[in-house]
Amino acid sequence: MDQKQMFKQMIDFNKTAFDNAFNSMAMLQEQAERMTGMVLEQATWLPKEGKKVIDEWVKAYKKGRENFKSSMEDSFKKVEEFFAETTKTK
């Protein structure tokens with residue numbers, strides 16, 4: 001088997017594994033966010049400022065998660081392009 005083909009299969013496998021793990025993590029985080037939202041609605045003892053801080057924390061967490069996903073997708077794309085270019089040259 002050609003080494004480049006083997007590496008391409010490894011990259012494809014790792015990308016699929018990452019996508020599946022990331023999607024599972026995102027679903028878990030979204031469920032935790034919904035549960036936190038329900039608790040905050042019922043928490044009359046928590047001031048509005050506290051709820052606002054928690055909401056902003058959740059937004060920052062989502063943005064970080066999206067940035068991480070985008071960065072990983074860009075990295076996988078660069079690796080795939082690298083292997084595509086090396087196969088074209090031969």
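Does the chain come out rounded, prolate or oblate by the C-alpha gyration tensor, with a ≥ b ≥ c the root eigenvalues, rounded set by a/c under 1.5 and, if not, prolate when a/b is larger than b/c and oblate if not? List each step's numbers first, then the result.
Details: a/c = 8.65, a/b = 3.32, b/c = 2.61.
Prolate is the answer for the chain, as a/c is 1.5 or above and a/b outweighs b/c.
Angle check, please: helix 48-89 long axis (alpha carbons) against the longest principal axis of the chain (alpha carbons), in degrees 0 to 90, nearest 10.
It is inclined by approximately 0 degrees.
No lab work stands behind these numbers, since they all come straight from the coordinates. All values derive from a computational prediction rather than experimental measurement.
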